[in-house]
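I have placed the structure first, in the form of structure tokens, so that the comments after it can refer back to it.
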Amino acid sequence: MGMERAQRFVDALTRLEESGDLEGLVSLFSDDAQVSNVASPRVFSGQDGARQFWKEYKGTLGQVKSTFRNMIEAGDRVALEWETQGTARNGAAVAYEGVSIIEWDGDRISRFFAYFDPHALGQELSHGTAQRSEVPATTPA
């Protein structure tokens, strides 16, 4: 199976970030999926919850691009190490990094959870003041 599941998720997220295709990503989630991240006080449930979670993600940032440095797939679990760059709605540059853990049940995602520093992201979103990781002058393809 290789990295098939990891790549399916990455491809769907890329389509969301580039063209706003929300449903392509949502279709990967099961009807009873749990979706959240370290900054969220709640767990979003099912495809409707996944839709809301990813709509809020895309709505929080203007332009956004995630780059994946490391993808690990073992059985029904995927770990993705990433950096996301973009702009906040106020125009401030945003760059943050983290790890997402994805659990699959067959061909659907049953659990998604992202880990990152929510304080640093909050500073960048509201003020554009958090220290950023070094960002290359050009965005990788």
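I want to confirm something. Restricting to segment 37-57 and keeping residues that are among the aliphatic types (A, V, I, L, M) and touching a strand residue (DSSP E or B) at 6+ places or on another chain (Cβ under 7 Å), which single residue is surrounded by the fewest Cβ atoms within 10 Å (Cβ to Cβ)? My answer is Val38.
No other residue among Asn90, Asn70 is on the phi < 0 side of the Ramachandran plot and part of a strand (DSSP E or B) apart from Asn70. Among the residues making up segment 56-72, those that are modelled with pLDDT under 95 and out of contact with any Asp or Glu (no Cβ under 7 Å at 6 or more places or on another chain) are Glu56, Tyr57, Lys58, Gly59, Thr60, Leu61, Gly62, Gln63.
Evaluating Gly59 against the criteria (1) in a strand (DSSP E or B); (2) out of contact with any Ser or Thr (no Cβ under 7 Å at 6 or more places or on another chain); (3) farther than 18 Å from Val99 by Cα leaves one unmet condition, (1).
The number of residues in segment 39-53 being touching a Ser or Thr at 6+ places or on another chain (Cβ under 8 Å) and among the basic types (Lys, Arg) comes to 1.
Among the conditions (1) of a type in the set (D, E, K, R); (2) over 14 Å from Ala114 (Cβ atoms); (3) touching a residue at least 12 places away in the same chain (Cβ under 8 Å), Asp11 misses just one, which is (3).
Residues are listed down the side, and each one gets a yes or a no for (1) part of a helix (DSSP H, G or I); (2) farther than 19 Å from Glu81 by Cα:
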| site | (1), (2) |
| --- | --- |
| Arg5 | yes, no |
| Ala12 | yes, no |
| Gly24 | yes, yes |
| Ser30 | no, yes |
| Arg42 | no, yes |
| Gln52 | yes, yes |
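Residues in segment 42-92 that are touching a residue at least 60 places away in the same chain (Cβ under 8 Å) and of a type in the set (S, T, N, Q): Thr60, Thr67.
Scan segment 20-48 for residues that are of a type outside the set (A, V, I, L, M, F, W, C) and modelled with pLDDT under 95 and the total you get is 5. Can you find a residue that is surrounded by 14 or more Cβ atoms within 10 Å (Cβ to Cβ), modelled with pLDDT under 95 and either farther than 26 Å from Arg5 by Cβ or under 16 Å from the mean Cα position of the chain (by Cα) (or both) anywhere in segment 73-84? Within segment 73-84 (the criterion being surrounded by 14 or more Cβ atoms within 10 Å (Cβ to Cβ), modelled with pLDDT under 95 and either farther than 26 Å from Arg5 by Cβ or under 16 Å from the mean Cα position of the chain (by Cα) (or both)), the answer is yes, since at least one residue qualifies. The criterion of being small (Gly, Ala, Ser), under 21 Å from Asp11 (Cβ atoms), at pLDDT below 95 and not in a loop (DSSP other than H, G, I, E, B) does not hold for Gly122. In this structure, is Phe112 crowded, with 17+ Cβ neighbours inside 10 Å, of a type in the set (A, V, I, L, M, F, W, C) and either in a strand (DSSP E or B) or touching a residue at least 60 places away in the same chain (Cβ under 8 Å) (or both)? Judged against the criteria, Phe112 is a match.
The values are calculated or read from the model by the stated rules, or taken from the named source; none is laboratory data. Bear in mind the structure is a predicted one, so any value in this text is a computation, not a measurement. FYI the Cβ positions are ideal-geometry reconstructions off the backbone, even for glycines, and counts take in every protein chain you see.
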